[in-house]
Amino acid sequence: MSGRTQLRPSEPLGASIGLAGLSLGQQIASLAVFVVIASLGLLAPLGVFLIMGDRAKSTLGMWRDWAAQHNTAVMAVLFFVLGLRLFGDGVGILTSS
């Protein structure tokens, strides 16, 4: 390695950003981008409501109905991705020893 710390996928994001060897400004920008992306699930409906006002009821209602109708598929994909992540971490641990 060239003096940089290797990032491990099992580390929390804050630790990964802190160990990446970035300047303070780059660390703050990286954290800000992460917070915005992580908040999109809340900010998107809030933005629609604030921009559209009363007209947003039908749009948000359609989103709610879609989420309720496809809840099983969404959860299946979420757990599949999390399972792949755990499997990959396990394989990485087994092969690195």
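Observations on the structure shown:
- Residue pairs meeting the criteria (Cβ under 8 Å; at least 6 apart or on separate chains; first within 21 Å of residue 45 (Cα to Cα), in the range 67-94; second open to solvent by 60 Å² or more (accessible area, probe 1.4 Å) and part of a helix (DSSP H, G or I)): 67/74
- Qualifying residue in the range 23-32 (condition: open to solvent by less than 90 Å² (accessible area, probe 1.4 Å) and over 18 Å from the mean Cα position of the chain (by Cα)): yes
The values are calculated or read from the model by the stated rules, or taken from the named source; none is laboratory data. In this text, all values refer to a predicted model and were calculated from it rather than measured experimentally. So basically every Cβ, Gly included, is an ideal-geometry build from the backbone, and we count neighbours across all protein chains shown. When the accessible area is computed, the model is the full protein with side chains, heavy atoms only, and any ligands, DNA or RNA have been set aside. Shrake-Rupley method; radii C 1.70, N 1.55, O 1.52, S 1.80 Å.
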